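For reference, the structure is listed below as structure tokens.
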Amino acid sequence: MDRPGLSRREVVSGILALATVTGVPPAVAAPEELRFGLTPVFLTSDLELLDRLRSYLEHATGFPVRLVTRRTYQEITSLLLSGQLDAAWICGYPFVANQPRLALVAVPVWRGRPLYRSYLITGRDRQADGLKALKGDVHAFSDPDSNSGWLVTAAALARDNRTPERFFGRTIFTYGHRNVIRAVASGLAMSGSVDGYVYEVMRETEPDLIAPTKVIRQSEPMGFPPIACAASIMDASRTEALRTALVRMADHPDGQAVLRLLRLDGFSIEAPGLYDMIAAEMAVVRGGAG
């Protein structure tokens, strides 16, 4: 009873001895989780795709993976900047807007290039051949932080000293490129601004939905929506593991299955200059050029 308090070493030894007697192993720290965010640029309605993506990333990185989805770009970008996500597939617009706080992890390669276009769409039978023909429309945008689903159209109007609010009769945000197409196809909107990659994938996978619409304008090629991380964790082990897994995705059968579902060729490492055109569009809208 007079013995002094036990030392830390004795306590630990006692716990290990108890575990040996009872057959219960001591607790082992679980591997850190890799938290990967997905925005409406991603085709999130395909449960098989999400399952295969998670499975491949866990196998390729060695980390448990949690896929995090949100309705808006702003929500995912905020989680990324606050450290609640390790990386996310975002849009080029918020990537550029949050420089230098964000860094590139990898960029998807589609049809041989890390590029895509913004499409301006309207009803299939409508006689319209460009943006000016859409004056007074109910126009569907994807998201206020979307490059293809807002910024490109806003910049085109800004060059003519107009704004979406003054040019269109009414604007709506659908918070998803697929939803923009649905809105135009159903007649809820008369026209829309949409991601060309999503439109082309849906042309293959949902031709009946695409059929009532047509493309009347395509933008110049711009940097494909990237996988980004907070600049402060650019060199973290989880970031490096994710980058390697993405770049090598085309070399692994499970990764190839994911790429087939995404209609992508793979992922590449690119310089931030890939997004200079988006930065120029931002400057136009903000009155800094053109």
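Let me confirm something: among Phe173, Phe167, which residue is touching a Lys or Arg at 6+ places or on another chain (Cβ under 7 Å) and among the aromatic types (Phe, Trp, Tyr)? Break it down into steps so the answer makes sense when it comes.
Numbers: Phe173 fails: touching a Lys or Arg at 6+ places or on another chain (Cβ under 7 Å).
Step by step, each of Phe173, Phe167 is checked, and only Phe167 is touching a Lys or Arg at 6+ places or on another chain (Cβ under 7 Å) and among the aromatic types (Phe, Trp, Tyr).
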Any hit, the stretch 136-151, residues being surrounded by fewer than 23 Cβ atoms within 10 Å (Cβ to Cβ) and out of contact with any Phe, Trp or Tyr (no Cβ under 8 Å at 6 or more places or on another chain): no
Of all residues in the stretch 60-113 being of a type in the set (Phe, Trp, Tyr) and surrounded by fewer than 24 Cβ atoms within 10 Å (Cβ to Cβ), the one that is nearest to His177 (Cα to Cα): Trp89
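When you check Val24 against the structure, is it outside any loop (DSSP other than H, G, I, E, B) and either out of contact with any strand residue (DSSP E or B) (no Cβ under 6 Å at 6 or more places or on another chain) or modelled with pLDDT under 95 (or both), yes or no?
Details: outside any loop (DSSP other than H, G, I, E, B): no; either out of contact with any strand residue (DSSP E or B) (no Cβ under 6 Å at 6 or more places or on another chain) or modelled with pLDDT under 95 (or both): yes.
No.
Condition check: modelled with pLDDT of 95 or more and more than 24 Å from Pro94 (Cα to Cα). Does Leu131 satisfy that? Lay out the reasoning, then the answer.
Numbers: modelled with pLDDT of 95 or more: yes; more than 24 Å from Pro94 (Cα to Cα): yes.
Taking the combined requirement at face value, the residue satisfies it.
For every residue, the table says whether it meets (1) of a type in the set (Gly, Ala, Ser); (2) at pLDDT below 95; (3) surrounded by 20 or more Cβ atoms within 10 Å (Cβ to Cβ).
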{"site": "Lys214", "(1), (2), (3)": "no, no, no"}
{"site": "Gln218", "(1), (2), (3)": "no, no, no"}
{"site": "Gly223", "(1), (2), (3)": "yes, no, yes"}
{"site": "Cys229", "(1), (2), (3)": "no, no, yes"}
{"site": "Leu242", "(1), (2), (3)": "no, no, yes"}
{"site": "Ala245", "(1), (2), (3)": "yes, no, yes"}
{"site": "Arg248", "(1), (2), (3)": "no, no, no"}
{"site": "Gly255", "(1), (2), (3)": "yes, no, yes"}
Any chance Asp125 is surrounded by 21 or more Cβ atoms within 10 Å (Cβ to Cβ) and of a type in the set (Asp, Glu): no
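The values are calculated or read from the model by the stated rules, or taken from the named source; none is laboratory data. Note that the structure is a prediction, hence the values are computed from the model and not measured. Ideal geometry is used to build each Cβ from the backbone, glycine not excepted, and the neighbour counts take in all protein chains shown.
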